[in-house]
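> Here it is: the structure, laid out below.
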Amino acid sequence: MKIKDGFLLREIADTHVVIPIAERVIDFKGMMILNDVSASVWEFMGEHRTHDEILDHILDSYEVDKETAENDLYGLLDQMEASGVLEK
């Protein structure tokens, strides 16, 4: 999995915002706001990553138990897929 080309993550007033660029503006209306953990995952997914690699990144970066991290990761990936920003 990785983030599709045509999306940028920017920090605006201490808020992580995903914005579409170029032809992505046509399909993706608006923007997406991410929390710190989601923004970290977004940046980590700049290259193709497996689910386990992303989960390990979260567990290495944050004090969270594996079950919580995995549940939150599934939720984030589902939202990314529904928004059309995820490339499998």
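The values are calculated or read from the model by the stated rules, or taken from the named source; none is laboratory data. Please read these numbers as outputs of a predicted model, since none were measured by experiment. As a convention, Cβ positions derive from the backbone with ideal geometry for all residues, glycine included, and neighbour counts pool all protein chains shown.
> Considering each residue of the range 14-43, count those that are free of Cβ contacts under 8 Å to residues at least 60 places away in the same chain and farther than 19 Å from H57 by Cα, and give that number.
Just the residues of the range 14-43 that are free of Cβ contacts under 8 Å to residues at least 60 places away in the same chain, to begin with: 14-17, 19-43.
Next, only the ones that are farther than 19 Å from H57 by Cα stay: 14-15, 17, 19-33.
Of the residues in that region, 18 qualify.
> Sort out which residues of the range 48-88 are among the charged types (D, E, K, R), part of a loop (DSSP other than H, G, I, E, B) and surrounded by 11 or more Cβ atoms within 10 Å (Cβ to Cβ), and write them in order of number.
Start the filter on the range 48-88 by keeping residues that are among the charged types (D, E, K, R), which leaves 49, 52-53, 56, 60, 63, 65-67, 70, 72, 78, 81, 87-88.
If we keep only those that are part of a loop (DSSP other than H, G, I, E, B) as well, we get 49, 63, 65, 88.
Within the range 48-88, R49 is the sole residue that qualifies.
> Return the residue satisfying two criteria in turn: it lies in the range 19-45 and is assigned to a loop (DSSP other than H, G, I, E, B) and buried (at least 17 other Cβ atoms within 10 Å of the Cβ), and of such residues it is modelled with the lowest pLDDT.
Within the range 19-45, the first condition is being assigned to a loop (DSSP other than H, G, I, E, B), and the residues that meet it are 21-23, 28-31, 35, 45.
Narrowing further to those that are buried (at least 17 other Cβ atoms within 10 Å of the Cβ): 28, 45.
Details: F28: 84, M45: 96.
Going through the qualifying residues, I end up with F28.
> When you look at H16, is it in a strand (DSSP E or B), under 15 Å from the mean Cα position of the chain (by Cα) and surrounded by 11 or more Cβ atoms within 10 Å (Cβ to Cβ), yes or no?
Working: in a strand (DSSP E or B): yes; under 15 Å from the mean Cα position of the chain (by Cα): yes; surrounded by 11 or more Cβ atoms within 10 Å (Cβ to Cβ): yes.
Yes: the conditions hold for H16.
> Among the residues of the range 20-43, which ones are touching a strand residue (DSSP E or B) at 6+ places or on another chain (Cβ under 8 Å) and farther than 10 Å from G6 by Cβ? Explain how you work it out, then say what you get.
Kept after step one, since they are touching a strand residue (DSSP E or B) at 6+ places or on another chain (Cβ under 8 Å), are these residues of the range 20-43: 20-21, 24, 27-28, 31-36, 38-39, 42-43.
Those that are touching a strand residue (DSSP E or B) at 6+ places or on another chain (Cβ under 8 Å) and farther than 10 Å from G6 by Cβ: M31, M32, I33, L34, N35, D36, S38, A39, W42, E43.
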